[in-house]
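A.B. asks: Just passing along the structure, written as structure tokens.
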Amino acid sequence: MSHDAHDLSRRDMIRIGATGVAAASIAGLPVLADDKAAPDKLPTRRYGRTGLEIGWLVGASDWPKELIPRAVNAGVNYWHKAQAWNADTLPPALKKLPREAYYLECVVDRVNGDHTRGKIDEERHYEFVKDRLKKSGVGYYDVFKFHFGYHSIEEAKQNSGMVRAFERLKKEGLVKHLAISQHHYNSIGGDMAWEIMHYLADNRPYEATQFFHTYGDRKEVAEWIETAKKKDIGTIAMKTMGGVGRAANDEKFKKLLADPKFQGSTPASAMVKWLRSNENLTAAVIANKNFDQFRENTLAAASLAMKPQDHAALGLLAGHNKGLTCLLCAECVSVCPEHIAIADIFRYERYARDYYDVDRARKEYASLTRNGTTCVGCGDCLPTCSQEIDISAKLKDVHRLLG
Ligand code: SF4
Ligand code: SF4
């Protein structure tokens, strides 16, 4: 690390440590003088069987456009949901690079409905990717990713449409690797994400996976990450910042965090370091609304190890999350007699309360066929929740927020 960069890191960490997740907009930030003022370079890891060496923080096409040149400069080279970019909106910071210097991922959704109701349709997925390539002019996508994934192992066994679409595109040189972003589907009688991913690893040509993962969630996720590493399957954690955003806005939490034992750490930076400390995990998707958040995350990802303050900050966050923050484990969903997609509803709450993206949260909530108002208050879900959340009361609260 250069002397200047080291000074910046220390200065930033002190400032970030004092303020938590800053709310400043990019427009309000000073223009940094040169590359020395950029965050430290991200480490890279091998993305499983794809063989791609990707920066530990995954970029996303919905990041603020002002952030993208700085992210590229810091070593972000893998771009999630890149199909959203066309020839006009593809960031100049990428356009000026040789095409092989960065990796673009095209996510492919089911058709004729959302991820729970839509269908897999080989021809339409094939045409979708061709259309996005034509409009973007990027030539090829490095990764074809089945967005939201299979509903069950049975569906993965029976329906090869997504894989066939990928194979046709690959033969034409239009995509290179196959990955999946897998959700839980026990709310519709399907399987949990890790069950499906274990099946895929041995039976389908998927080279990499993406799934929910945050501090304190179920052991099966950690087990999947370990297995994936052994089988050379790439792993990207998403929905990583469980409770971080709402803690940053909680006055009581902020007062507790001011204790010297947390000095130099924040829940956000501690979470990033904790994720990165798992050598088996390839990378993480972390929402970045502004440069301060990005800088905090990058500095943490570039740091070598968790310190006692980081462990303490995560412990404080875990205590704050109890009874309040859903970790999206979906354990409660299987027992609900009303088949309410509880974990999906609380995921939308997270968009609003942790990522401050209320518009997206409301839009997703509005698309549900059974929202929080269908809860009959039977209480069957309560014993299943490791977070000790009063789920029925929270469903009402989230409905007030998003309904
Ligand atoms: S209390 Fe509501 S959410 Fe919980 S199991 Fe009963 S109906 Fe489902
Ligand atoms: S409410 Fe509790 S049991 Fe249900 S998904 Fe969230 S953390 Fe898991």
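A.B. asks: Could you check segment 64-84 and list, in sequence order, the residues that are closer than 11 Å to Glu105 by Cβ and touching a residue at least 40 places away in the same chain (Cβ under 8 Å)? Full working, then the answer.
C.D. replies: First, the residues of segment 64-84 that are closer than 11 Å to Glu105 by Cβ: 78-84.
Passing the criteria: Tyr78, His80, Ala82, Gln83.
A.B. asks: Condition (residue is within 15 Å of ligand 2 (Cβ to nearest atom), not assigned by TED's automatic domain parsing to the domain that holds Ala247 and not in a helix (DSSP H, G or I)) applied to segment 345-353: is it met by at least one residue?
C.D. replies: Within segment 345-353 (the criterion being within 15 Å of ligand 2 (Cβ to nearest atom), not assigned by TED's automatic domain parsing to the domain that holds Ala247 and not in a helix (DSSP H, G or I)), the answer is no, since none of the residues qualifies.
A.B. asks: Going through Leu328, Leu281 one at a time, which residue ends up being touching a strand residue (DSSP E or B) at 6+ places or on another chain (Cβ under 7 Å), away from ligand 1 (no atom under 16 Å from the Cβ) and assigned to a loop (DSSP other than H, G, I, E, B)?
C.D. replies: On the way: Leu328 fails: away from ligand 1 (no atom under 16 Å from the Cβ).
Answer to the selection: Leu281.
A.B. asks: Taking the criterion of being within 8 Å of ligand 1 (Cβ to nearest atom), outside the structural domain of Gln293 (by TED's automatic domain parsing), assigned to a helix (DSSP H, G or I) and of a type outside the set (A, V, I, L, M, F, W, C), would at least one residue in segment 388-402 satisfy it?
C.D. replies: From segment 388-402, those within 8 Å of ligand 1 (Cβ to nearest atom) are 391-392, 395; that's our starting set.
Applying the additional criterion that residues be outside the structural domain of Gln293 (by TED's automatic domain parsing) yields 391-392, 395.
Cutting the leftovers down to assigned to a helix (DSSP H, G or I) gives us 391-392, 395.
From what's left, of a type outside the set (A, V, I, L, M, F, W, C): 392.
Checking segment 388-402: at least one residue is within 8 Å of ligand 1 (Cβ to nearest atom), outside the structural domain of Gln293 (by TED's automatic domain parsing), assigned to a helix (DSSP H, G or I) and of a type outside the set (A, V, I, L, M, F, W, C).
A.B. asks: Continuing with this model, one more query. Tell me which of these Lys289 doesn't satisfy, since it passes every other one: (1) modelled with pLDDT of 95 or more; (2) within 23 Å of Ser303 (Cα to Cα); (3) out of contact with any strand residue (DSSP E or B) (no Cβ under 7 Å at 6 or more places or on another chain); (4) in a loop (DSSP other than H, G, I, E, B).
C.D. replies: The number of the failed condition is (1).
A.B. asks: Sticking with this one: Looking at this structure, is Thr369 within 16 Å of ligand 2 (Cβ to nearest atom), surrounded by fewer than 19 Cβ atoms within 10 Å (Cβ to Cβ) and hydroxyl-bearing (Ser, Thr, Tyr)?
C.D. replies: no
A.B. asks: Next up: Looking only at residues in segment 381-403 that are among the β-branched types (Val, Ile, Thr) and near ligand 2 (Cβ under 7 Å from one of its atoms), which one is surrounded by the most Cβ atoms within 10 Å (Cβ to Cβ)?
C.D. replies: Per the stated criteria, the residue is Ile391.
A.B. asks: Which pairs have Cβ atoms under 8 Å, sit 6 or more apart or on different chains, and link a residue in segment 111-128 that is assigned by TED's automatic domain parsing to the domain that holds Lys363 to one that is small (Gly, Ala, Ser) and in a helix (DSSP H, G or I)?
C.D. replies: Correct list of pairs: empty, since none qualify.
A.B. asks: Next question, about the same structure. May I ask you to say which residue of Thr227, Thr209 is in contact with a Ser or Thr (Cβ under 7 Å, 6 or more places away or on another chain) and assigned by TED's automatic domain parsing to the domain that holds Gly48?
C.D. replies: Numbers: Thr227 fails: in contact with a Ser or Thr (Cβ under 7 Å, 6 or more places away or on another chain).
After applying the criteria, what remains is Thr209.
A.B. asks: Being aromatic (Phe, Trp, Tyr) and in a helix (DSSP H, G or I) is the filter here; which residues of segment 120-152 pass it?
C.D. replies: Matches in segment 120-152: Tyr126, Phe128.
A.B. asks: Checking Ile340 against (1) within 16 Å of ligand 1 (Cβ to nearest atom); (2) surrounded by fewer than 22 Cβ atoms within 10 Å (Cβ to Cβ), only one condition comes out false. Which one?
C.D. replies: Checking Ile340 against (1) within 16 Å of ligand 1 (Cβ to nearest atom); (2) surrounded by fewer than 22 Cβ atoms within 10 Å (Cβ to Cβ), the one that fails is (2).
A.B. asks: Among the residues of segment 207-236, write down those that are hydroxyl-bearing (Ser, Thr, Tyr) and in contact with a Lys or Arg (Cβ under 9 Å, 6 or more places away or on another chain).
C.D. replies: Within segment 207-236, Thr214, Thr235 qualify.
The values are calculated or read from the model by the stated rules, or taken from the named source; none is laboratory data. Because the structure is a prediction, the values reported are computed rather than measured. Reconstructed Cβ throughout: ideal geometry from the backbone, glycine too, with neighbour counts over all protein chains shown.
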